[in-house]
1. When you go through 418, 393, 354 one by one, which is the residue that is farther than 20 Å from residue 483 by Cβ, among the charged types (D, E, K, R), surrounded by fewer than 19 Cβ atoms within 10 Å (Cβ to Cβ) and modelled with pLDDT of 85 or more?
2. Given (1) at pLDDT below 80; (2) assigned to a loop (DSSP other than H, G, I, E, B), where does residue 460 come up short, assuming only one miss?
3. Just to be sure I understand the filter: pairs with C-beta atoms under 7 Å, separated by 6 or more residues or on different chains, first member in the stretch 234-262 and of a type in the set (Lys, Arg), second member assigned to a helix (DSSP H, G or I). Which pairs pass?
4. Select from the stretch 37-56 the residues that are among the polar types (S, T, N, Q), exposed (fewer than 14 other Cβ atoms within 10 Å of the Cβ) and at pLDDT 80 or above and list them in ascending order.
5. Out of 435, 485, I need the residue that is out of contact with any helix residue (DSSP H, G or I) (no Cβ under 6 Å at 6 or more places or on another chain), closer than 22 Å to residue 399 by Cβ, touching a residue at least 60 places away in the same chain (Cβ under 8 Å) and aromatic (Phe, Trp, Tyr). Which one?
6. Going through the stretch 20-36 one residue at a time, which ones are in contact with a Ser or Thr (Cβ under 8 Å, 6 or more places away or on another chain), assigned to a helix (DSSP H, G or I) and at pLDDT below 75?
7. Hey, could you check the stretch 156-185 for residues that are of a type in the set (Asp, Glu) and within 19 Å of residue 44 (Cβ to Cβ) and say which is modelled with the lowest pLDDT?
Amino acid sequence: MKKLFIFLFIVATSVVAVTDDNITLQELEEAFNENQEKIKDINERIGNDNIWIKRFQDHQEYTALKNEKKELRWKIRVLKKNRKSKKEIKKLEVELTTLNSKLDLLGEIGKEPYAELIKVDTIPPAPDVTNPFSIITAFSYESELKRKEVDYNKRLATLIETISQLNEKKDLTLTEIDFSESLELKTLKQSRRTLKNLEKTILELTPVLEIFSTSVSVYKKKSASILAELDGQLETETIKGIKILVFLGFLFGVLFFVKIVVKNTVDDTDRVFNIYRALNISTFIIVFFTLSLNYISNVEGLITILGFVSAGIAIAMKDWFMNILGYFVIVLGGSIHVGDRIKITKDGHEYVGDVLEISLTKVTFFEDITLTSYDVNRRTGRVVIFPNNFIFDSIILNYTFSGLKTVWDGIDIVVTFDSNHKKAMHLAKEIVRKYSKGYTDITRKQVNELRGKYHIRNFNPDPRVFTFIEEYGVKVSAWYLTNSYSTLTLRSTISAEIVESFREADDITIAYPSQTIALKGNKPQLPNELKGSFDSVS
């Protein structure tokens with residue numbers, strides 16, 4: 001401004017000195033043209049797309065249209081009152097309709113041109129950073145606040161720059177008026193209208209600047225306060241998250257180490273599988289409670305709710321909980337493993353098969369062809385699924401408990417009373433000893449290994465043969481050890497061999513159900529080998 005006043009003083013002095021010092025008119029015109037170039041430069045800097053100028057022009061247009069509308073309505077009223085030409089009235093009414101359309105297009109922008117530009121949104125409540133997911137929400141919230149602040153700053157800077165340029169143009173326009181008066185230019189009136197318009201624009205934008213500047217300042221202060229508090233929460237939550245990650249990393253490291261130790265020290269694959277499952281479940285529980293206690297604010301309320309919910313669920317899902325309890329009894333007790341051959345008696349039905357899976361709620365096993373299939377079920381090959389709670393109320397037979405792979409099996413064959421039963425016993429014993437020798441040796445070795453773990457006395461794995469008197473002969477019962485998974489195969493082989501050896505013996509006859517008919521007057525005769533026995537008793 002100081003330079004401008006000096007310039008005006010020099011110009012005024014020059015104008016006064018024209019008559020005295022004979023300053024040429026050309027020099028005055030050059031100064032005027034220079035001033036015009038400066039005005040042109042400012043117009044280019046303001047530009048045609050300045051939003052603040054456009055809104056001011058829209059408001060001016062809206063005001064002019066409203067005034068024109070009032071004037072038209074007054075003219076129509078006068079014409080109707082004076083009963084003038086209807087044609088002229090209709091023409092004015094068309095013009096009025098056109099004006100209304102223009103006013104509708106300008107709408108709220110014409111009424112309140114700066115309301116949208118100086119509007120500062122209310123800052124929403126900051127999110128509570130209480131878990132890792134809320135950290136993402138907090139970063140998004142923080143980014144949105146900063147984005148809006150940048151936007152408001154840009155608009156405020158544009159408004160300040162616009163007012164500054166308008167003030168500069170106003171000063172140059174005053175100088176232009178002075179030149180126009182000295183040079184007696186025809187543009188003097190236009191320059192004065194421009195000055196008046198500039199003053200009006202500056203007068204209208206100045207309070208807008210004050211309001212907008214205050215709103216932005218308040219927004220910045222609130223935003224800074226909220227962001228400072230949010231940054232503190234983010235720092236606290238980040239540190240807590242790092243600690244939890246370190247703990248979980250340590251936990252999974254221990255889990256991995258324990259699994260390696262179990263794998264290298266436990267030979268039973270099924271037992272390793274069950275230990276792995278128990279470790280995984282325990283780890284899941286620890287992780288669940290770690291995250292719950294750290295990321296749920298009202299822990300006491302959660303525990304109370306869980307207590308009531310658990311009680312209700314326990315009543316409604318009693319069997320399901322019993323299945324889970326049964327799972328831990330099976331796994332921790334070690335009575336049944338995957339791959340074991342078991343027999344389950346439930347509600348009068350018998351099932352024999354190999355365990356395929358022990359899950360949290362059920363045991364699945366596959367039926368094979370066994371003596372039970374032959375004697376009882378007459379069908380096999382089914383996949384049998386039992387709930388784990390069968391462990392509490394069912395009789396369970398494990399044919400392969402603790403690594404044992406053999407079981408006792410017996411074959412009964414009846415010979416007649418007059419047969420040489422001692423020879424039959426000898427033949428049966430030799431046959432079962434021959435075919436079961438390998439299983440006898442295996443069992444002896446396995447039992448010796450179990451003596452350090454279980455109290456086992458007087459266990460004799462050698463085949464045994466017994467004789468019993470039946471209604472129609474003497475029963476020879478031969479017992480031997482066989483493979484738990486293929487009892488019928490060895491039974492079939494031994495049975496065929498015993499029958500063949502008995503048939504080859506002249507003094508051994510295989511008995512079958514028969515009756516002795518005693519005619520009147522005839523006394524039934526006992527076999528010779530039994531007569532002596534009964535005589536000695538009598």
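The values are calculated or read from the model by the stated rules, or taken from the named source; none is laboratory data. All values reported here derive from a predicted model rather than from experimental measurement. With ideal geometry, Cβ positions are generated from the backbone for all residues, glycine too; neighbour counts draw on all protein chains shown.
1. Matching residue, one of 418, 393, 354: 418.
2. (1)
3. 240/294; 259/276; 259/279
4. 43
5. 485
6. Selection gives 27, 28.
7. Checked the stretch 156-185; the qualifying residue modelled with the lowest pLDDT is 176.
Condition check ((1) within 12 Å of residue 392 (Cβ to Cβ); (2) at pLDDT below 80) across all residues:
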{"site": "309", "(1), (2)": "no, yes"}
{"site": "314", "(1), (2)": "no, yes"}
{"site": "320", "(1), (2)": "no, yes"}
{"site": "323", "(1), (2)": "yes, no"}
{"site": "329", "(1), (2)": "yes, no"}
{"site": "336", "(1), (2)": "no, no"}
{"site": "339", "(1), (2)": "no, no"}
{"site": "343", "(1), (2)": "no, no"}
